Amino acid sequence: MSGKKQAYQESKLYRIRHSAAHVLAQAVMEMFPGEAKLAIGPPIEDGFYYDFDLPRALTQGDLAQIEARMRQIIQEGHAFDKRVISADEARDLFADQPYKLELIEGLEQGEVDEMGEPIKQKPEISVYQQATFVDLCRGPHVKQTDEINPAALKLMSVAGAYWRGDEHRPMLQRIYGTAWESADDLEQYLDRLEEAQARDHRTLGRQLDLFSFSESVGPGLALWHPKGARIRSVMEDYWAKRHRQGGYERVYTPHIGKSELWETSGHLKWYADGMYAPLEIEEQKYYLKPMNCPFHIQIYKSSQRSYRDLPLRFAEFGTVYRYERSGVLHGLLRVRGFTQDDAHLFCRPDQMDEEIHAVLEFSLSVLRDFGFEQFDVELSVRDPNDLAKYAGVEQDWQMAEAALVAALEAVGQPYERVEGEAVFYGPKIDIKVRDALNRSWQVSTIQFDFWLPEAFAMEYIGEDGEGHQPYMVHRALLGSMERFFGVLIEHYKGAFPVWLAPVQAVLIPIADRHLDYARGAADELKKAGLRVEVNESNDRMNAKIRHAQNQKVPYMLVVGDREVEAGTVSVRLRSEEELGALSLEDFAARALEAAEARS
Ligand SMILES: [Zn+2]
Ligand SMILES: [Zn+2]
């Protein structure tokens, strides 16, 4: 568990929200006496929810009524009392609550906790009671309901949610709520939420005509429209240039590979649930690739490598397909088909420190160029109490972890060391970027792998003439192009900096007689290397400006009689600042300079 998560679970806010979830459940039970079936109700980031199986769909009116009843319960000041009970007592107590009975089963077996989360040790079974309401619960709670501030509480929405997230199980109604210590905190949270909604990449994606999803194509498979594709190709060009400079070699690999490949890599053993069903050709099974690694390994193995060939750095925009439940798909942020900006580094032990330092510095520098300045970094290492479950040898883990730590220290990046979060095949660094709303988004991973080089019997011939196993590091920098683009849209609220803007300038002729001049000027600017459009509509000038403003175009170039006469354009920024009349050359120089500076 990360330190932040642990701190939250120990906070007063967590107890308030968990308690509010119980109060919510009491209010719902009273609304549907004898009929409401309870599932689970945990605190979550910024609030809480509770899942119910109810005889009918809830309305907004119901929510208001439930919320009002919650305030009463809160003010009645009921104590939260804990009791430890046996599994049999629990079964008696929840005899008419089938979901709770299932959870009690899991608790008794020591498989899941009362929220259905997997656990390792068999816990004691306890219940919490306030007023008439009893819930299967290990707490913690506030002492009394009136410790919840009724003015800092709000029910937000109702949504469908499958029992235990499984689409083969019943669909429940999930009530989301939020609770804070003060009314001020609640208000600030609601403001933040409103701002986040105004930045929602799905809304902006439609408004700016950047991407869409089509029912006919399938869920989670993004279609990049011309304007979105323009931004993507700028990103890719920039990325390619930086990677060339950084000593990476680009490779291209196919979208499918034989089952044999995925057997050797272990994907069919450990990752089959995340893969699409195979295609059969000439009695041979092929799988859509969920990852690019095995292909890069085949390139490595295409010839004998010597210690002099290393390090090798293979980079690719590799499009992968992974099965995600339709319920968790979310715009571009969670999709089924996406393009990773993937790279694999292969090096000798003596090169590892330098290699890791370089890749970390490189990653942070690229992320900074995309406008991110703050990073949250996690170093994931082994669970010291369960060392047997990891691949590789002790010395490799120690060296790899030391290299990761040294690199983080060398670049002066604070990080959090999280024990037990490493995957079985190697330690890793995860980089999250903070966006304009101070939200954290996971983008980059630098991941050691002690499993694949072994599985594929990779080697290089050392100075001693013997075969040695190279170190292998997976590195995704932007992560997924789809997801990173979604994050960028929200970060910039669709107002992309000049270097990324799909349309950098729009020519706005005041009247039809200025159209020819506008087209000529647009051609000139395109030749200079700018992405320019002419607004050819019959709209009046103000409507054209409003349209450009809506499209968040950085430069609006108004042309009327005066501009045609003088061979200039009147420049207006999307910030509404007016720069006045500039010659085409001066404007082009200015815009190109802004693009160059990535502003
Ligand atoms: Zn509880
Ligand atoms: Zn990989």
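Details
- If you plug the beta carbon distance of A528 and L193 into 1/(1 + (r/R0)^6) with R0 = 60 Å, you get a FRET efficiency near 0.90.
- Alpha-carbon centroid distance for the pair segment 529-577 / segment 127-172, whole angstrom: 54
- The residues of segment 465-513 expose, per residue, 24 Å² of accessible area to a 1.4 Å probe.
- Restriction of the trypsin sites (Lys or Arg not before Pro) in segment 221-323 to DSSP coil positions whose beta-carbon has at most 13 other beta-carbons within 10 angstrom yields K301.
- Among 156-164, 339-347, the order from most to least packed when residues are scored by Cβ within 10 Å on average: 339-347, 156-164
- Of the GluC sites (Glu not before Pro) found in segment 239-303, the ones in coil according to DSSP and having at most 16 other Cβ atoms within 10 Å of their Cβ are E282, E283.
- Rg/Rh ratio calculated on Cα atoms of segment 62-130 (Kirkwood radius): 1.09
- For A95 and Q60, the FRET efficiency from 1/(1 + (r/R0)^6), where r spans their Cβ atoms and R0 equals 25 Å, is about 0.15.
- From the C-alpha gyration tensor of the chain, square roots of 5λ in Å: 47, 38, 22
- Sorted largest first, extent of segment 214-308 alpha carbons per principal axis (Å): 51, 41, 25
- Only helices enter this figure: runs of n ≥ 4 DSSP H residues, each worth -39500 (n - 2.57), summed and divided by the residues of the chain, yield -11000 deg cm²/dmol at 222 nm to the nearest 500.
- Cα-centred dipole magnitude for segment 148-302, charges only on beta-carbon of K, R (+1) and D, E (-1), debye, nearest 20: 580
- With the charge dipole of the chain set up from +1 on Lys and Arg Cβ and -1 on Asp and Glu Cβ about the Cα centre, the Cα lying farthest toward the positive end among the listed residues A183, V433, G486 is that of G486.
- Computed about the Cα centre, the dipole magnitude for segment 441-599 is approximately 900 debye when only Lys and Arg (+1) and Asp and Glu (-1) carry charge, each at its Cβ.
- Projection of the Cα convex hull of segment 517-599, averaged over all directions and equal to a quarter of that hull's surface, yields 5.2 nm².
- Cα-based equivalent ellipsoid of segment 186-233: semi-axis lengths in Å, sorted from largest, via gyration tensor: 27, 14, 7
- Shape of segment 244-394, Cα gyration tensor, a/c cut at 1.5: rounded
- At q = 0.13, 0.21 Å⁻¹, base-10 log of I(q)/I(0) for segment 453-525 (Debye sum, equal scatterers on each alpha carbon): -0.69, -0.95
- Gain on full stretching of the segment that runs from D273 to A79 - 0.36 nm per residue minus C-alpha separation: 65.3 nm
- Reciprocal of mean inverse Cα separation for segment 474-576 (Kirkwood radius, Å): 14.8
- Placing pseudo-labels 7 Å out from each Cα toward the beta carbon at E394 and Y323 gives an inter-label distance of 4.0 nm.
- Rg/Rh ratio calculated on Cα atoms of segment 410-460 (Kirkwood radius): 1.11
- Dipole of the chain, positive end: most advanced residue of F133, A518, W224 [Cβ charges, Cα centre]: A518
- For segment 1-108, the convex hull drawn through the C-alpha positions has a volume of 133 cubic angstrom per residue.
- In this structure, the pairs whose alpha-carbon distance is over 24 Å, taken from K5/K122; K227/K526; K154/K552; K5/K143; K258/K432, are K154/K552; K258/K432.
- Value of relative contact order over segment 17-172, rounded to a whole percent, pairs C-alpha under 8 Å and six or more apart: 26
- Solvent-free Debye scattering, log10 I(q)/I(0), computed from the Cα coordinates of segment 411-501 at q = 0.13, 0.21 Å⁻¹: -0.65, -1.08
- Extending 7 Å from Cα along the Cβ direction at T264 and again at A183 yields two label points whose distance is 6.8 nm.
- Cα centre as origin, Lys/Arg/Asp/Glu Cβ charges: the chain dipole, Debye: 1300
The values are calculated or read from the model by the stated rules, or taken from the named source; none is laboratory data. If you're wondering where the values come from, they're calculated on a predicted model, not measured in any experiment. Glycine also receives a Cβ, built like all others from the backbone with ideal geometry; neighbour counts cover every protein chain displayed. For accessibility, only protein heavy atoms count, side chains too; no ligands or nucleic acids. Shrake-Rupley method; radii C 1.70, N 1.55, O 1.52, S 1.80 Å.
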